[in-house]
Structures are given as structure tokens and as C-alpha cells.
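See structure below.
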There are 2 protein chains.
Amino acid sequence: MNKLKRSYIREILDATNEETISFAGGLPNEKLFPLTQLKKATNKVLKSADALQYSKSIGDESLRKKIAKIYNEKFDFPTNENEILITTGSQQSFDMISKTFIHKELFVQKPTYIGALGAFKILNKSLNDFSDVQSLKTKISTDDTLYLMSDFSNPTSISMSQKERLIFASLLKQSDSYLIEDGAYSLLSFNGKIKKPISSLYEKSFHLGSFSKIVAPGLRVGWIRTSKENIEKLLIAKESLDLHTSTLNQMIINQYLEDNDLFEHIKLIRKDYKSKMQYMASCMKKYLPSFKFEKSKGGMFIYGKFEVDSLELAKKALEKNVAFVPSCVFDVNEEKSTYARFNFTNSSKSQIKAGIKTIAKILNKE
Amino acid sequence: MNKLKRSYIREILDATNEETISFAGGLPNEKLFPLTQLKKATNKVLKSADALQYSKSIGDESLRKKIAKIYNEKFDFPTNENEILITTGSQQSFDMISKTFIHKELFVQKPTYIGALGAFKILNKSLNDFSDVQSLKTKISTDDTLYLMSDFSNPTSISMSQKERLIFASLLKQSDSYLIEDGAYSLLSFNGKIKKPISSLYEKSFHLGSFSKIVAPGLRVGWIRTSKENIEKLLIAKESLDLHTSTLNQMIINQYLEDNDLFEHIKLIRKDYKSKMQYMASCMKKYLPSFKFEKSKGGMFIYGKFEVDSLELAKKALEKNVAFVPSCVFDVNEEKSTYARFNFTNSSKSQIKAGIKTIAKILNKE
């Protein structure tokens, strides 16, 4: 596979039509978007032309204060607004950090988020993957970078224990490397518990967050939490990318957070996603007994292992209008794999059942 | 000056307070934003959750069709929607084209737009400037890149004649290099006439456009017009940067264009800007007789020459709460200069008079 070929997931998104049952992308359930509340917020902020003017590269101050509050109150991670930089989604954060701080080796989990891989590859970063922390220990050194997701990792849905976080923090201290900790799913644990990020234990770190999974992705608003000094450096990259994130969209989210309880909204998402995950898991157990997986405890995906090559199976499934993602695309070297990722958040229960049954039929014919 | 130090203009923007009279940034007059119409458009598109969901990387199809129509009808440049890629403002276009196509020498006008310089520098492109087309001719060769603004260039406000466009087109054909033609101000000519872009005469080209100056910059929506094949390649960079431009903002602009006559709106902008330019020019002639300049025929700036170092003067002016931009920041090598750029679109006439008088006072004390 061409390393710079258009990302497989985006290709699937582009290829799907109204008849496709898609377990592929990472699309949130749009029925849960707080549409009415966002419309109200938008009408409020559009009373002033300021919402349509250029604005500061670091981002809206009120919004940065509200994000800092989430760190203080929910992540138990002392933070002020000068430690928050608004980005045009986490995807942009990868590019900015990459340009500014990644000048040596970069280590990623095997498998890891394809969007991060894409951003690192296009900037020609020297990519290495690791399967376990022990093997990483012997390789990583000063000013190298470690990229990981500690909560409900994409694609594996695995969340690190407190003990594992301490091990990573100690390894980082020892090696004096940078940490990019991607918290895209950190607030989506099904039991509502939020774990302390590794970044809170290690200063040379960037914690990435996004409103895409907890409010709405179409607004393209995310953030980086790091030291004030690092933000000063990142601003050069931010300005060169898009001057600043959409003023309107920042103000809409700020107003939405002002007028609503975000965590009450997140409760609804968690409940819906847990129920979808459980339904998908039960369909898989019933119709796909050869697919081995653990039930997810949060996030948006079920990850597991077929007995056959998952890329071949995914291609056949797409012909039958069912999309899922074979794990090879999440690997630095894109090796053959039997693993696959299923998104459960953007399909109805009847679609989940029908889609899983279609895959079962394909497997049973082989 | 540090080549990667935070852009001087953005620094000024960040440093200005409510008392600053700013001729510095490139802020459009926010009183002219079509606030009511955009609010109506927003309420229409927010009837559906689709406006808040992830969307295709290439951009909204209806919007791309409308932009293609502008090329066909206004620029006399045959274009279809497959030749339009939506970006998060022109600033992002520089990054995407840079990553994908600029692998050899890059040539820019002297002076040129600082935002483009920033985007090229952070990707370590090999930058060269040129003052006249003859000197360029001997230097540029196959797969090099030429970046320029043919209409109301930032900072000089110069617009190329038809003859000059033909000369550049012929030079490009001869050298087989890439053209990035930045059309940020192309629709803002004071006499309403729109010239054919050089890109329409040369295939290996990227014509950049933006809604920032003709609708509103806070939405961060721009585009690249190039061949379908080039767009396929650019999509890899687009995905790695922010997946796609804000779905909501694309749909707002699309709906706005659907329900309103953009070119009637642009007429209002042109009229206001022309009157502001003429007022600033008359103040300069009266209070700053030593400042030599030509009246602008479009765009947002007056560019001219002091008898003293313009960086020193700009620093003194900023202390007195008046901001303008010394031309050194628009140079690849940031040499000393007596030239300066004044924005006239975002100040009232009384501010223009007061600001120019403040600069006159500083000069008269010297």
C-alpha cells in the first residue's frame, strides 16, 4: 500500500452511499447532537459581527477558560487558560506539534489512530511502532516523541490502568522524551469515570482534546493542553496553518457551554453508546462466533480478531454495502492482519444486526 | 529578525487594544458583514444535524458548484466543481500546496504576503525573491514554483496589466514551473472590473480564493482551483490537516450564496473601501507630504515610501497607539526598508485622520 495514498477510512466515507451500513468511520451519532441548543447559541453569538471577524490565533479566551475548568474539575489536572491553545480539531494538533517539536524519532502504539499516522507521514517523521512498554524502553531517548491514547484507544478501545500510566510517566521521565497524549475519547467512558491523564504526571507533554465526540465534529474545534512556553512556539505553526480556528465556531461552543451542562449531555451520549456497543457485541457473539473481542468500556469502537485476513473480508463486505476497517491501515508498516475495527455509534440497532449478518454470510460462504 | 518568530502582523493584532488605531492587519470592515443574511442562512442549515456532522474532505458539492460558476461567469475561466477544493482559508491552501507540490525552488515577489512566507518557511521551502520578471526568467526552471498575486497584491496593491499576465504565462510555459496565484483581492477592484487570472492561461497552476474578504473571515472558508488530478493529490494533505473544513461554515456560505446576490454585496464593499482609500490618501497628502505613494485601485491597502526607516517609525507609532506595517516583514530576507503598508478598511474616517496626524507628529519631531 502506498504510504501516502488517501486514507482508507476517508476513502470508505467517500465511497459509501445511502444504502451502505457503515461501521467504518468514527462518526458520532448525529441524533445526539445538541441541535436546538447549538442553534440558540448561534443566534446569540450572531448578534455581533465579532463572531465573523478575524480573531486571535491562540483562541477565544472564555472558551479556553472553560476548557481549563474541565481539566481542573474532571481530569484532576491543574490548568489555566494560558495552557490551552484552540485548534481546528485534533487532526490539526498533530500537524502543529509535529512541525514544532518532532525532530527525532517518533513512537506510536501498534495499532494506532490512522489520522495521526497520516499527519506524521506527510511531514516525513521517522515513525516507529511498539507493542509493549518494555520494548519501547530500550528504544526511546531524549527529545524523541511518544504518541498514544491512554483512554479508549482508537482502534483498540483499550484504556490504560493507573499502574500502566505510572509506568509510562516514569519511562518518559527517564528518557526525557515528548508525550503527545490524545484524549479524543477520554470523556466517553461508559461508567462515567474519568482517569487522570499521563500528561498530568509529566511536564514535557501535549494533551489533545476535541469537541468532535462530545458536542459536534462539523464545527472542527479542538485544543492542545501544554505549557505556556510550548504554546508560544506552537502559535507560529497555528498562524501558518489557518491564522486561527473559526471565530464563529469557537463562540458557538463557548455559548453552548455557558448555557448548558456539557456533562449532562455527555451522560446521554455514554448511555446511547453503551447500549449500541452491547447490542453490537451480542450480534457478533450470535452471528460471528469466530470473531474474538472484548466488550468495550468506552469510546466508539469494538476491536477484535477474525480467523481470516481482515482487508480481504472488508473488501468483500463493501461490495455488499457493509463497511468496517481492517487493522492493517492502523499499522505503521501496514502488515497483513486478521484484526478489525467496528464503529457502533453511527448505526441503528437494525442496521447493526443486518450489517453483522451480511458479514456472517460472507464468512460462511468461504 | 528570527525567520520563524511570530508574524509581526499577528503580534500587532495581539498587542492592539481598544484604543489602538490600527492600519496594520488585513481586517475587513465588519460593519459590512452580511450579518442578518448569514444569520438567516445559519438558521436554515441548522434545521438538519448534517450541518454538524463530519463531511467530505473535498468540500460541499453545492458550494463547489457555486464557486465554479464564479470562475465561469466572472473570471472568464472555464471551471467545473471537480476543479474546486474547499480549504480552511487561503492560509491553509499554502500549506497543502507546499507539502504536495513544492519540492524545488520557490520564487515570490519582493515584497510579498507575509502569511504565505510564514507557511513556506515553516515547511523549510527554499525561498527566493524577485523584483522584476526579467530577473526571474534566468532563475526559474522545471517544477520550481512561482507564488504571486496578480490583483491588488498584498502589500503593494499593484494589479498586473493584461500584457504582464501574458509575459508571466509565457515564462511559466517556458520554464514548466508551478504557479500559485493568490486571488484574495481579485474581486475587490474599485471600478468593478475583474481580470482574467494568469492561471486561466496556464494549466500547471493553483488559483486561490477566499470568502474572507467578500463575505466574512471568521468563517475560515477558502478554496483552491486546479486540475482534478492535482486535487486528488492535495486531498492527502487536506485530510492530514483537519479532515475537512467546518461543515457548518461551508453550508452557511452555500446557503448565503443561494439566497443572496454576492456581487451586489461586493458592490457595497467596493464603494466603502474606495471612499476610505480616498480619504486616507487625502489625509496622507495633507499631513504626511514626505510619504510617497500611488492611490490604490482596489484591495485593502495603501503602500508607499517614507524618508525614514519604516520599522523604527512603526515602533514609535505603536507606542502612540497607531499601528501600521513596515515593509521589511514582507521580505524574504527582511532587509531594512522605508516602505510601509496601511490598511484603510477597518478604521473610521475620524480614526484615519487621527492616526495619520499622530504619525505626522512623530515625523515632525525628528
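Figures for the structure shown
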read-out	value
B:K139 versus A:H103: modelled label distance in nm, points set 7 Å from Cα along the beta carbon direction	2.7 nm
Dipole magnitude of the protein assembly as shown, debye to nearest 20 (Cβ charges: Lys/Arg +1, Asp/Glu -1, about Cα centre)	1200 debye
Peptide B:55-65, shielding by other chains (average Cβ, 10 Å cutoff)	1
For segment A:217-295 and segment B:207-237, distance of Cα centres in Å	26 Å
In order through segment A:40-49: 3J(HN,Hα) via Karplus (6.51 cos²θ - 1.76 cosθ + 1.60), integer Hz, x for Gly, Pro	4, 4, 4, 4, 5, 6, 7, 6, 10, 5
Assigned charges on the beta-carbon of Lys, Arg, Asp, Glu; segment A:48-259 dipole about Cα centre (debye)	440 debye
Dipole magnitude of segment B:254-307 about its Cα centre (Cβ charges: Lys, Arg +1; Asp, Glu -1), debye to nearest 20	560 debye
Selected from B:L63, A:A360, A:H265, residue furthest toward positive end of dipole (the protein assembly as shown; charges at beta carbon)	A:H265
30 Å Cα-Cα threshold exceeded, pairs from A:K104/B:K233; A:K104/B:K121; A:K336/B:K204; B:K228/B:K271; A:K121/A:K316	A:K336/B:K204; B:K228/B:K271
Residue among B:T156, B:T226, B:T42 with the largest mean-square fluctuation in a Gaussian network model of chain B, springs linking Cα atoms under 10 Å	B:T42
Too-long pairs where the Cα-Cα distance tops 21 Å, listed order kept, from A:K195/A:K295; A:K39/B:K39; A:K31/A:K56	A:K31/A:K56
Computed log₁₀ I(q)/I(0) - Debye formula, equal Cα scatterers, no solvent, the protein assembly as shown, q 0.07, 0.08 Å⁻¹	-0.49, -0.64
Sites A:D76 and A:D309, calculated FRET efficiency, Cβ-Cβ separation with R0 41 Å, nearest 0.05	0.40
Fraction of antiparallel bridges per DSSP, the protein assembly as shown only, in percent to nearest 5	50 percent
Of A:S22, A:S157, A:S131, the one that fluctuates the most in a GNM where chain A has Cα springs shorter than 10 Å	A:S131
Per-bin percent of Cα-Cα distances, chain B [10 Å]	5, 24, 33, 26, 11, 1, 0
Rounded to 5, percent antiparallel among DSSP beta bridges of chain A	50 percent
For residues of B:45-52, the mean tally of beta carbons on other chains within 10 Å	6
Calculated [θ] (222 nm, deg cm²/dmol) that DSSP helices of n ≥ 4 give over chain A, each run adding -39,500 (n - 2.57)	-13000 deg cm²/dmol
Trypsin sites (Lys or Arg not before Pro) restricted to DSSP loop in segment B:162-257 with at most 16 other C-beta within 10 Å	B:K193
Rel. contact order, % - alpha carbon contacts under 8 angstrom, at least six apart, segment A:48-259	29 percent
Shielding score for A:86-95, defined as the mean number of other chain Cβ atoms within 10 Å	4
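FYI, it's all coordinate maths here, none of it is from the lab. Just so you know, these numbers come straight off a predicted model, no measurement behind them. Methodologically, a virtual Cβ is constructed for each residue, glycine included, from the backbone with ideal geometry; neighbour enumeration extends over all protein chains shown.
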